[in-house]
Amino acid sequence: MNIVFDSRTFSFDKWRPPLQRQLPQAHFFAAGSPEAPADPDYVLLWKPQRLDWSACISLQGAIALGAGLDGFAGLQLPPGIKLQRLADAGMQMAMSEYIHYGVLHFQRGFNHYLNAAKSRNWQPLDYRPAARTRIGILGLGHLGSAVATYLARHGYPVVGWSRNDKSLPAVTCLAGESGLKEILPQCDILVNLLPLTDHTKHLLNREKFAALPRGAGFINASRGAVIVEQDLLDALAAGLLGGALLDVFAEEPLPPSHPFWGHPDIRVTPHISAPTLIEPAAVEVAQMVRVSKGSSLD
């Protein structure tokens, strides 16, 4: 069984050993290497060099090694083969931890304290418990659902929104255009976990930020192009938003001249909210291969 690994950002040398441990009978190849077969049995992809696999008559599966599918524009696969995504690979807990940090950042007023410390200003704020901190989550896919459930277990009132109806324990779920209008006024902190699609590009704009309670916190950990960056800056300047924690950007790495850097009400992290963990990812890849072949491969 031949498996080709194709990624411009992930290291084949780091991924190969855990993949080989999980699938010892497989032969792994780096895309573009002289020995890599042109017609493999499986391809493992993340920001791949090659997009056209449509002529591969032996191809039985294609697996994306990260969250989101926006980096696969133009991908061509043989008829009957669909790109599969990892369900977790440690990303759900990593994202839940990151969002929980962001929620605490705004809930406990750390944005205020960090700025106050620069001017040596001793100004404590009133304590706001989790039960009185309303969280809105846009996007209830694998990651969004995990984050919503995690925060609900920690005592936060959570409302989630998706395009289609969802149901989660202890989470109020809204859907559709009417649901989007309904969720925004209920958010003390708004979390964006929407994938980037034609429908979500620039979805979060001046109008959406103005619909939030004045001074709300905003966390973006999905894709940068879901927001209109200038509208976010304007909303902060007008006091519509109290602060933003941003992990993703329309252009990455974020250019040194970008106004997000150094902004007193913006915290920037370099797209680290939910990295793909190689060991659990290798386990999931092996499970997908076994299921597709209808055997344990033992």
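I'd like the residue in segment 125-154 that is among the hydrophobic types (A, V, I, L, M, F, W, C) and part of a helix (DSSP H, G or I) and, out of all such residues, is nearest to E182 (Cα to Cα).
Ranking the candidates gives A148 first.
Just name the residue that is surrounded by the most Cβ atoms within 10 Å (Cβ to Cβ) out of those in segment 161-201 that are charged (D, E, K, R) and in a helix (DSSP H, G or I). Among those that are charged (D, E, K, R) and in a helix (DSSP H, G or I), it is E182.
Checked against the criterion of being in a loop (DSSP other than H, G, I, E, B) and assigned by TED's automatic domain parsing to the domain that holds L245, segment 93-111 contains one or more residues that satisfy it. Candidates are the residues of segment 202-232 that are charged (D, E, K, R) and crowded, with 17+ Cβ neighbours inside 10 Å; the one that is nearest to M95 (Cα to Cα) is R223.
Within the set A148, A89, the sole residue that is in contact with a Leu (Cβ under 8 Å, 6 or more places away or on another chain), touching a residue at least 60 places away in the same chain (Cβ under 8 Å) and not hydroxyl-bearing (S, T, Y) turns out to be A89. Take the conditions (1) touching a residue at least 24 places away in the same chain (Cβ under 8 Å); (2) closer than 14 Å to A286 by Cβ; (3) not hydrophobic (A, V, I, L, M, F, W, C); P17 misses just one of them, which is (1). Exactly one residue among A67, A55, A36, A62 is buried (at least 19 other Cβ atoms within 10 Å of the Cβ) and part of a loop (DSSP other than H, G, I, E, B), and that residue is A67. Within segment 195-208, residues that are closer than 18 Å to A73 by Cα have Cβ atoms under 8 Å from residues that are modelled with pLDDT of 95 or more and basic (K, R) in these pairs: P195/R223; L196/R223; H199/R163; T200/R223, counting only partners at least 6 apart in sequence or on another chain. Just to be sure before I move on: is A235 in the same structural domain as N111 (by TED's automatic domain parsing) and either surrounded by fewer than 21 Cβ atoms within 10 Å (Cβ to Cβ) or at pLDDT below 95 (or both) in the structure I sent? It is false that A235 is in the same structural domain as N111 (by TED's automatic domain parsing) and either surrounded by fewer than 21 Cβ atoms within 10 Å (Cβ to Cβ) or at pLDDT below 95 (or both). In summary, R153 fulfils each of the numbered conditions (1) under 23 Å from G109 (Cα atoms); (2) among the charged types (D, E, K, R); (3) in contact with a Gly (Cβ under 9 Å, 6 or more places away or on another chain) with the single exception of condition (3).
How about segment 238-251: which of its residues are surrounded by 12 or more Cβ atoms within 10 Å (Cβ to Cβ) and without any contact (Cβ under 8 Å) to a residue 60 or more places away in the chain?
A238, L240, L241, A244, L246, V248, F249, A250 - these are the residues of segment 238-251 that are surrounded by 12 or more Cβ atoms within 10 Å (Cβ to Cβ) and without any contact (Cβ under 8 Å) to a residue 60 or more places away in the chain.
Evaluation of V158 against the conditions (1) over 17 Å from F209 (Cα atoms); (2) in contact with a helix residue (DSSP H, G or I) (Cβ under 7 Å, 6 or more places away or on another chain); (3) surrounded by fewer than 22 Cβ atoms within 10 Å (Cβ to Cβ) shows that the sole unmet condition is (3).
Under the condition of being modelled with pLDDT under 90 and part of a strand (DSSP E or B), the residues counted in segment 70-86 number 0.
Apart from one condition, A235 fits all of (1) part of a loop (DSSP other than H, G, I, E, B); (2) closer than 26 Å to L114 by Cβ; (3) in contact (Cβ under 8 Å) with a residue 12 or more places away in the chain; the exception is (1).
The values are calculated or read from the model by the stated rules, or taken from the named source; none is laboratory data. This structure is a prediction, so every number in the text was calculated from the model and none was measured. Every residue, glycine as well, gets a Cβ built from its backbone with ideal geometry; the counts of neighbours run over all protein chains shown.
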